[in-house]
Structures are given as structure tokens and as C-alpha cells.
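Student: What follows is a single structure, and I will ask about it in a moment.
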Amino acid sequence: DGGITQSPKYLFRKEGQNVTLSCEQNLNHDAMYWYRQDPGQGLRLIYYSQIVNDFQKGDIAEGYSVSREKKESFPLTVTSAQKNPTAFYLCASSWDMRLPQHFGDGTRLSIL
Amino acid sequence: KNEVEQSPQNLTAQEGEFITINCSYSVGISALHWLQQHPGGGIVSLFMLSSGKKKHGRLIATINIQEKHSSLHITASHPRDSAVYICAVRSATGNQFYFGTGTSLTVIP
């Protein structure tokens with residue numbers, strides 16, 4: 001079955017620690033995205049990538065970093081510079097920026 | 001002010017009722033999306049609209065470009081329709097997406 005796999009489902013981070021969220025897709029999509037979802041707010045775009053080895057900042061990129069070394073993979077690192085990392089993180093992909101996005105099941109990150 | 005506003009924020013219905021969720025937006029768009037988010041968090045794309053009306057099973061989505069308004073209707077609602085429904089628009093000018101805060105629907109048997 002084609003789809004997007006995010007792991008882990010739940011993640012806990014200590015203060016000052018970097019953590020990496022995994023996102024893998026087998027849909028052969030060129031574009032991939034990372035969103036953050038907070039209670040009472042709409043999804044906010046962190047980073048997106050339209051092609052391998054290229055990515056762009058979204059609306060709230062500070063404190064986050066990404067890489068796109070392979071078409072199917074778009075990992076997100078939440079760095080210690082992100083002062084309020086507790087949130088639900090969603091990865092998505094699409095053929096290009098115009099088409100509906102397919103979403104993963106999300107990773108819930110909490111601070112210990 | 002959010003670029004995308006949804007109403008109502010929360011909605012409780014009896015099984016079988018006809019449901020309407022509204023979405024208004026303030027930017028020029030190239031497309032509008034309706035998404036469904038289940039309690040586990042995963043999101044499914046229901047519709048993409050740029051004009052008119054689309055129907056899929058018991059779900060109907062309409063858009064009025066002049067009014068900058070879209071509605072999602074669910075006919076003969078069922079408890080499995082309980083989810084958060086999110087309206088999202090893609091800007092006409094570029095690769096910008098704006099998301100509403102969602103409407104939480106609970107359908108009671």
C-alpha cells in the first residue's frame with residue numbers, strides 16, 4: 001500500500017536536546033511538507049521541499065532543520081533553539097505544489 | 001485575523017441529521033481543500049475545489065468564488081463521520097497554504 005509513514009508516533013524530548021522526526025513516502029511524490037499543529041490553531045507550515053536536495057522555509061522555520069537527500073525521505077530535526085516544541089507534527093507529500101496533499105498519521109512531541 | 005475562518009468550531013448532531021460546515025477566506029485562491037482529521041491525528045483529503053460543487057458518497061462540497069465561501073455538507077450523518085474537518089486554501093499568487101482551525105464534529109447514535 002502506498003502512503004506516508006511517520007515515526008515515532010510519540011516522542012519525548014529533554015530540555016536542550018535535538019530530536020529528529022522521520023517521514024518516509026512510497027508514493028513517488030516530488031513535494032514534501034512539514035506542518036505543526038497546536039490546539040486551537042490551524043496547521044502551520046515549517047518547511048517544504050519541491051525536489052531532492054532543495055527545501056524552503058515555511059512560516060515557522062526557526063528552531064527547525066530538514067534535509068532531502070532522497071526523494072522518499074524528509075526528516076525534520078527539532079533543535080534546542082525551538083523554545084516551544086510541544087506540538088503535533090504532520091508530514092505530507094504531493095505530486096507538486098498544486099495538488100492535494102497526502103498526510104501521515106503524525107508525531108506528537110512532548111517535553112520532559 | 002486568520003485568512004481562513006470556519007464555523008461552527010464544534011458541532012454535535014444526531015445520527016441521520018444533515019450537517020453543514022462553513023468556510024470563509026479572505027485571500028485570492030487557486031484551490032480550496034476540505035480535509036478530515038480523525039482522533040488519532042491522521043488527515044485525509046476529502047475534496048479539492050476551484051469552482052462549483054463536488055460530491056463523493058454522502059459528502060458534498062460547494063464553493064462560491066465571488067463570495068469567498070465554501071460549505072461542506074454531510075447527508076445522513078453517521079457516528080463514523082465524527083472527526084475534525086479542516087478547510088484549507090492555496091493562494092493564487094504562489095505556493096502558500098492557509099488552514100482553518102477546524103470544525104470538530106460529533107455524531108451521536
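The values are calculated or read from the model by the stated rules, or taken from the named source; none is laboratory data. Treat the numbers as computed from the prediction; the structure is a model and nothing was measured. For the accessible areas, the whole protein counts, side chains as well, though only heavy atoms, and no ligand, DNA or RNA atoms are used. Shrake-Rupley method; radii C 1.70, N 1.55, O 1.52, S 1.80 Å.
Student: Name the most mobile residue of A:Leu99, A:Leu27, A:Leu76, meaning the one with the largest mean-square fluctuation, in a Gaussian network model of chain A with Cα contacts below 10 Å.
Tutor: Maximum among the listed residues: A:Leu99.
Student: Each residue of segment B:9-26 in turn: what ³J(HN,Hα) in whole Hz from Karplus with 6.51, -1.76, 1.60 and θ = phi - 60°, glycine and Pro shown as x?
Tutor: Result, rounded to whole Hz: 6, 9, 8, 10, 9, 7, 3, x, 6, 8, 10, 10, 10, 10, 9, 10, 9, 10.
Student: Moving to a separate point now. Could you list which residues have their amide H under 5 Å from that of B:Val107, counting only those 5 or more apart in sequence or on another chain, with H placed in the peptide plane?
Tutor: Long-range HN contacts for B:Val107: B:Ala13, B:Ser82.
Student: Apply the Debye scattering formula to chain A, with a single equal point scatterer on each alpha-carbon and no solvent, then give log10 I(q)/I(0) at q = 0.12, 0.13, 0.17 Å⁻¹.
Tutor: -0.36, -0.43, -0.74
Student: With the radius of gyration and the Kirkwood radius both derived from the Cα set of the protein assembly as shown, what is their ratio Rg to Rh?
Tutor: Values: Rg = 17.5 Å, Rh = 18.0 Å.
With Rg and the Kirkwood Rh in hand, the quotient comes to 0.97.
Student: Can you give me the three principal axis dimensions of segment A:70-112 from its C-alpha atoms, in Å, biggest first?
Tutor: Ordered largest first, segment A:70-112 gives principal extents of 37, 20, 16 Å.
Student: Over the Cα atoms of segment B:50-101, how large are the radius of gyration and the largest Cα-Cα distance (Dmax), in Å?
Tutor: 12.9, 39
Student: Could you report the protein assembly as shown's accessible area per residue, 1.4 Å probe, as an integer in Å²? Before the final figure, lay out each step's value.
Tutor: On the way: 10650 Å² over 221 residues.
For the protein assembly as shown, the per-residue accessible area is 48 Å².
Student: Another question, then. Quantify how much of the Cα-Cα distance distribution of segment B:1-76 extends past 17 Å, in percent.
Tutor: On the way: 1379 of 2850 pairs.
The calculated P(r) of segment B:1-76 puts 48 percent of pairs beyond 17 Å.
Student: Between chains B and A, what is the buried accessible area in Å², counting both sides, with a 1.4 Å probe and ligands, DNA and RNA left out, to the nearest 100? Walk me through the numbers on the way to the answer.
Tutor: Numbers: alone 5870 and 6240 Å², together 10650 Å².
The B and A chains share an interface burying roughly 1500 Å².
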